[in-house]
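Every number here is computed from the coordinates shown, using simple stated rules; none is lab data. Quantities reported herein were computed from a predicted structural model and do not represent experimental measurements. For neighbour counting, all protein chains shown are included, and Cβ atoms are generated from backbone atoms with ideal geometry for every residue, glycine included.
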Amino acid sequence: MKKVLHVTSEIGKLQTVLLHRPGTEVENLTPEYLQRLLFDDIPYLPIIQKEHDYFADTLRNNGIEVLYLTDLLEEALHTEELRKQFVHDMLIESKISVDDSFYVIADYLLSFDTLEMVKKS
């Protein structure tokens, strides 16, 4: 039986959250993007990871299930066919189509194990 999502109120006890722990993507931020991303300054990765971990622990300590997007994606991409489809779809959405760069990037990403591929995507 298909489970139907039915929300009648936005007020209630939080049960589960989906998080992404800040990673090396933060090191690619440049000053021109800060305002659009609501940052005052380029964040320092070790500090924002520590703050994120404290936040996640606070949620867990209050009985809230914390799920990580990278973990779920790694679990979902359990076959080579799914990995290839994921990389293909991601590159299509990214509109990467310059010369052979699509295939070079796809081969590069697929050369990693699933967790590293997800982190680089």
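Counted over the stretch 77-120 with a bin width of 10 Å, the fraction of Cα pairs per bin, in whole percents, is 29, 59, 12, 0. Distance between the modelled labels on TYR108 and LEU67, one decimal in nanometres: 3.1 nm (7 Å Cα→Cβ projection).
Among the listed pairs LYS50/LYS84; LYS2/LYS95; LYS2/LYS120; LYS84/LYS119, those with a Cα-Cα distance over 27 Å are LYS50/LYS84; LYS2/LYS95; LYS2/LYS120. Using a/c under 1.5 as the rounded threshold, could you call the stretch 16-68 rounded, prolate or oblate? The axes a ≥ b ≥ c are square roots of the C-alpha gyration tensor eigenvalues, and prolate needs a/b larger than b/c, oblate otherwise. Prolate, since a/c reaches 1.5 and a/b exceeds b/c.
With helices as the sole contributors, the chain gives -14500 deg cm²/dmol at 222 nm; each DSSP H run of n ≥ 4 counts as -39500 (n - 2.57), and the sum is divided by every residue. The C-alpha radius of gyration of the chain, expressed as a fraction of 2.2 N^0.38 Å, stands at 1.33. Scalar couplings 3J(HN,Hα) for the stretch 86-91, obtained by applying the Karplus form with A = 6.51, B = -1.76, C = 1.60 to θ = phi - 60°, are 4, 5, 4, 4, 5, 5 Hz; x denotes Gly and Pro. Given a Förster distance of 35 Å, report the FRET efficiency between ILE11 and HIS78 from their Cβ-Cβ distance, rounded to the nearest 0.05. Calculated value: 0.40. The stretch between HIS88 and ASP40 holds 13.8 nm of extra length on full extension. This uses 0.36 nm per residue minus the Cα-Cα distance. Around the amide H of LEU19, modelled in the peptide plane, lie the amide H atoms of LEU67, TYR68, LEU69, all under 5 Å away and 5 or more residues distant in sequence or on another chain. Measuring between their Cα centroids, the stretch 70-121 and the stretch 7-53 lie 23 Å from each other. For LYS119 and GLU32, the FRET efficiency from 1/(1 + (r/R0)^6), where r spans their Cβ atoms and R0 equals 22 Å, is about 0.35.
For the chain, take the longest principal axis of its alpha carbons; what is the angle in degrees between that and the long axis of helix 45-61, to the nearest 10 within 0 to 90? So the inclination is approximately 40 degrees. If you take all other residues with their beta carbon under 13 Å from the beta carbon of ASP113, and give Lys and Arg +1 and Asp and Glu -1, the sum is 0. Annotation: the residues ARG83, ARG36, sorted from fewest to most other C-beta atoms within 10 Å of their own C-beta, follow the order ARG36, ARG83.
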